[in-house]
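The values are calculated or read from the model by the stated rules, or taken from the named source; none is laboratory data. Given the structure is predicted, the values throughout are model-derived calculations rather than measurements. When we count neighbours, we look across all protein chains shown, and the Cβ atoms used for this are built from the backbone with ideal geometry, even at glycine.
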Ligand SMILES: Cc1cc2nc3c(=O)[nH]c(=O)nc-3n(C[C@H](O)[C@H](O)[C@H](O)COP(=O)(O)OP(=O)(O)OC[C@H]3O[C@@H](n4cnc5c(N)ncnc54)[C@H](O)[C@@H]3O)c2cc1C
C-alpha cells in the first residue's frame, strides 16, 4: 500500500482526551495529526455539565482517586502526571477562567464548556497540529506487531505511534459509537461490556410516575446482587419513568450491567441517612404523645418532600387514614423500614442515548498504566473513555480524559525517533 502522508503521531478522536494528547505530543516536537469523524471537535465536551462543563473538582488527590473504585490503581499514574491542579493551571494559561461551585465542582467561569474546547483548538492551531474533521479512521496498519499507520476516510497516513482516544458508546448524537473499540479489537485488544453509565433508571413500581418531580435531597442508595454491593449518596429525583439525579446516575452503570443477566434489580433507598431507626422510633413516639389525633400520613408529609409520604405509607401497607395514636407496633416498624429501605425495582436504564459515560471498554489489564501503551501492539496508545475506566458525576470523567490524554500523548511522542 502506498502511504501518502507521513506524521509522527496519529491521534484518533478530537474529544478532550484526543485534543490534550495531541498537544502533549506536539510540545515534545512530534508532528501530530488529529482525526475526528464528526464535522467538529469536542462535541461531548461542549455538551458536558448541561453545556457548562464540570471540568474537574477540587477534592484532594487521594479522595479523587478512590472515586474510581477498583480502577484507582490504573488511573493513578495519569492523575499523578496531570492532576486537577495542573489542569486548572493549564486551562488558566489558555485563558479559560474557572470557578468552583458547590464548594468543589470546577466549571468555566463563563458558564460555557465550549470556551474550553475553543481554547484547546486555538492552542492546537498555534502548535501546528493538523486537525482533520469529518475524517474517520477506518483501520490501523499494523506490521510485525507494530502500528505504522492509519487508514482514514481522507487518505492513508504513516506514523510511528497511534493514539486511540475515540471515546465510548454514549450519546451517538454527540459522536458516541463502537468505532474505537473496533480499532482496538483489530489490534487484538479485548473489550469489556460496554454498558451505559450515568443514566436515569426506569422502575416498574406502583409509584412510578406519581412521584414525578419529587426530590430527595440526600438519599442513600444500596444495591446488593450477585455477591456484590454498591452504595451511593446524594440527591435523587423521581421522574415519569423512574428515578434520576446524581445518586441514581452513580449506580446506573452497575444496574445496567446486572440487568444483562436478569429482568429486575432491587435498589433500597434511605431517604434520610442522618436519622437512624432509633431516631425515627423517637419521632413516632413523640407524634403518638403530642399529635395522637393527627393522620400519620400528614405528619410524615410535614417532614418528607412532596407526595413521598404517601408512597411510604403504601409501601408499608398502612392505611392513609391511620392516626398516630392508633399506630400498632408492627405498622410503626413497617413505616420505618420503608423510610430506611424504600424498595425501588429497576427494570432498565436510559441506555446509551441518555447515558453520560460508558462502563467498560478496552481491558485495562492489556494496557500499561504508566504510559497508557498497548501490551499487544507496539506504538499503540489509549486515552479517555475508550478505556474501561469510568468515574462518578463531579468532573471525574473529564479530568480522566485530560489526564490520560496528557500522559498517553507524552509517551506516544517519546516513541518517535
Ligand atoms: C451529556 C453529557 C454530559 C457530561 N457531563 C460531564 C461533566 O460535566 N463532567 C465530566 O467530567 N464528564 C461529563 N461527561 C462525560 C465526558 O464528556 C466524557 O467522559 C468525555 O468527553 C470523554 O472524553 P474522550 O475524549 O475520551 O471521548 P469523547 O469526548 O467521546 O471524544 C471522542 C471523539 O472521538 C471521535 N471518534 C470516534 N471514533 C472515531 C474514529 N474512528 N475516527 C475519528 N474520530 C473518531 C468521536 O466522534 C468523538 O468526538 C458528560 C457526557 C455527556 C454525554
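Here are some residues: 188, 180. Which one is surrounded by fewer than 20 Cβ atoms within 10 Å (Cβ to Cβ), at pLDDT 95 or above, in contact with a helix residue (DSSP H, G or I) (Cβ under 9 Å, 6 or more places away or on another chain) and not in a strand (DSSP E or B)? Walk me through how you get there before you give the answer.
Details: 180 fails: surrounded by fewer than 20 Cβ atoms within 10 Å (Cβ to Cβ).
Only one candidate passes the filter, namely 188.
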| field | Residue ranges of strands (runs of 3 or more DSSP E) in the stretch 318-415 with at least 3 members within 12 Å of the ligand (Cβ to nearest atom) and crowded, with 24+ Cβ neighbours inside 10 Å | value | 357-362
| message | What are the pairs with Cβ atoms under 7 angstrom where one residue, in the stretch 35-63, is touching a residue at least 24 places away in the same chain (Cβ under 8 Å) and the other, located anywhere, is within 6 Å of the ligand (Cβ to nearest atom) and in a strand (DSSP E or B)? Sequence gap at least six, or different chains. | response | 35/12; 35/137
| message | Considering only residues that are buried (at least 20 other Cβ atoms within 10 Å of the Cβ), in a loop (DSSP other than H, G, I, E, B) and under 22 Å from the mean Cα position of the chain (by Cα), which ones fall in the stretch 260-285? | response | none
| said: Conditions first: (1) surrounded by 17 or more Cβ atoms within 10 Å (Cβ to Cβ); (2) part of a strand (DSSP E or B). Residue 75 passes all but one, so which condition is the exception? | reply: (2)
| query | When the stretch 34-69 is examined, which residues are found to be outside any loop (DSSP other than H, G, I, E, B), over 18 Å from residue 98 (Cβ atoms) and within 11 Å of the ligand (Cβ to nearest atom)? | reply | 34, 35, 43, 44, 47
| said: I'd like to verify a number: residues in the stretch 239-250 that are touching a strand residue (DSSP E or B) at 6+ places or on another chain (Cβ under 8 Å) and without any contact (Cβ under 8 Å) to a residue 40 or more places away in the chain, how many? | reply: 2
| Residue list for the stretch 128-153, restricted to those being surrounded by 14 or more Cβ atoms within 10 Å (Cβ to Cβ) and either assigned to a loop (DSSP other than H, G, I, E, B) or in contact with a helix residue (DSSP H, G or I) (Cβ under 7 Å, 6 or more places away or on another chain) (or both) | 129, 131, 133, 135, 136, 137, 140
| request: Filter the stretch 89-110 for residues that are over 20 Å from residue 121 (Cβ atoms) and exposed (fewer than 12 other Cβ atoms within 10 Å of the Cβ) and give the result. | output: 99, 102, 103
